[in-house]
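Enquirer: Quick one: the structure is below, questions incoming.
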Amino acid sequence: MWKKSISLYGHFAQGDVEGAKVVYREATEVEADCIEAIYNLALSHKRQGELGEALATFKKISSLQPNNIEVSFQVILFFRDS
């Protein structure tokens, strides 16, 4: 697991979505299959209205973990809210 796990959520929780995206991308550069970072990056995209990027990022997680319920739920919400 990536060492800056606390930072992964810190920026997002404080409303610094852009800062959070930087940390999440950095985490995925260190550990390409860091599901937590990829998931939170997708949420950050969604929060900023970057829906295409959000959906593409959720799909990346689905390819790594096809049975991930949280991702399936987010994709359902994505289409429900669109």
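Any read-out appearing in this document is the output of simple, stated calculations on the displayed coordinates, not a laboratory observation. The model shown is predicted, which means the values in this text are computed figures rather than measured ones. Ideal geometry is used to build each Cβ from the backbone, glycine not excepted, and the neighbour counts take in all protein chains shown.
Enquirer: What number comes out for the charge environment of A42, summing +1 per Lys or Arg and -1 per Asp or Glu over other residues with Cβ under 13 Å away?
Expert: +2
Enquirer: Next up: Give me the number: length gained by fully extending A32 to L51, i.e. 0.36 nm times residue separation minus the C-alpha to C-alpha distance, one decimal in nm.
Expert: Extra length from A32 to L51 when fully extended: 4.7 nm.
Enquirer: Using just the C-alpha positions of region 5-81 as equal point scatterers, what log10 of I(q)/I(0) does the Debye formula give at each q in 0.11, 0.27, 0.28 1/Å?
Expert: Calculated log10 I(q)/I(0) at the listed q: -0.24, -1.32, -1.37.
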